[in-house]
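This report concerns only the one structure given below.
Just so it is clear, none of the values below were taken in a lab; they were calculated from the coordinates. Keep in mind it's a predicted model, so treat the numbers as computed, not measured. When we count neighbours, we look across all protein chains shown, and the Cβ atoms used for this are built from the backbone with ideal geometry, even at glycine.
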Amino acid sequence: MNKRGWLVLGSLCLAVSLLAGLAGCRKPISDVADLVVKLAPKTKLRLVYIPALKLYVGKYEVTNKEFRCFRPAHNSGAHQQLSLNEDSQPAVAVSWDDASAFCEWLTETHGAKRWQFRLPREQEWATFAACGQATEYPWGAGAIPNHWNYFGRENPEVGQKLDRNDGYRVACPVKKSGANAWGLFGVGGNVWEWCQDADDAEGRTRVLKGASWADCAALFLKISRRSSYTANYTSASIGFRVVAEPLSQKPTRDVPAKTKPAPSSSHAPDAPIEQ
Ligand SMILES: [Ca+2]
C-alpha cells in the first residue's frame, strides 16, 4: 500500500476500544473509551479520557516508533553508548518545535476532522500527573516505586543518586516506566515532557515537566517542579506526550505568558545526545 493509502487507512482506523475488559487492567477512571490512533500497522497511539480535564491524554510518552511515522529518519541517538533509539523508548532529541509539528501532522492526517492533537498545558499536565489530587509526587504517598525511571544505583557514576535500582540507566520502554493511579505511564521520570505553555512573553522558551532518567534530587521529582528551554532545544532526556480534544471545541490557541512566571528550575535536563 502506498503512503496515501496508509494515511487514508490510518484516518479510517481512528477507533475506540473499551478500557474495561482489558486483561488485568486497573479500574478505569471513566466509562469513556480510550482513543486509539492507528499510525501504521502495529503502531497505535493510545489516549485515555480524563474526565477532570475533558481531554484525552496520551497513556504513554510518544515513542520512537510512533514519531518515525511522522519523521522516518528520526534518530534519538544514544547516551554513553546506551541506545535511546529503540522503537519502544520515548522519542528524545525532539525540540518543542518538533513535538508541535508532530501534533499538527497528527491532527491533519489522523484527526479525521474530529480531533485536534496538541501538547498539554502545564496545568493540565499537573492535574493528570497528580490524578487531580494535591499530592506532592506523581506516585502519591510513600516511597518511590522501584520501577519508576529516575537516576539511581543502576548507574555506575559516583555521586548523588537515588538509593534504589530501577534497572534502566537511560530511558526505558514507555510501558515499563510506571503508571499513576489514572493509568498514565511515565508522568514521573523516564523523560521530561514538553508542555504547550510559553515561559516568556515572546514565546521563545517552553515549559517542561516531569523529570527524567537523569534526575535524582527530590526537588526535581515534585509535580510542581518545572523547567524551561528554548523551543529549538533538544536533549537526551526530553520527550513529550500528546493530548486530544474534539475539534468542535474552540482550538486552544498558544498564548505567551502574560506575567512573570515562577522561577524555573536551574537544573538542566541536558544529558548529552550522541548521534
Ligand atoms: Ca515523563
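Taking segment 34-77 as the search range and keeping residues that are within 16 Å of the ligand (Cβ to nearest atom) and not in a strand (DSSP E or B), which one is farthest from the chain's Cα centre (by Cα)?
Ser76
If you check Gly132, Gly167, Gly159, which single one turns out to be in contact with an Asp or Glu (Cβ under 7 Å, 6 or more places away or on another chain), of a type in the set (Gly, Ala, Ser) and in a loop (DSSP other than H, G, I, E, B)?
Gly167
Exactly one of these conditions fails for Phe220: (1) within 13 Å of the ligand (Cβ to nearest atom); (2) over 17 Å from Glu61 (Cα atoms); (3) in contact with a Leu (Cβ under 6 Å, 6 or more places away or on another chain). Give me its number.
Phe220 satisfies all of (1) within 13 Å of the ligand (Cβ to nearest atom); (2) over 17 Å from Glu61 (Cα atoms); (3) in contact with a Leu (Cβ under 6 Å, 6 or more places away or on another chain) except (3).
What are the residues in segment 207-224 that are within 16 Å of Pro120 (Cβ to Cβ) and buried (at least 21 other Cβ atoms within 10 Å of the Cβ), if any?
Hits for segment 207-224 are Val207, Leu208, Lys209, Gly210, Ala211, Ile223.
Might you check whether a residue that is closer than 30 Å to Thr43 by Cβ and surrounded by 20 or more Cβ atoms within 10 Å (Cβ to Cβ) occurs anywhere in segment 140-148?
Yes, the conditions are met somewhere in segment 140-148.
Among the residues of segment 194-243, write down those that are hydroxyl-bearing (Ser, Thr, Tyr) and outside any strand (DSSP E or B).
The answer is Ser212, Ser224, Tyr233, Thr234, Ser235, Ser237.
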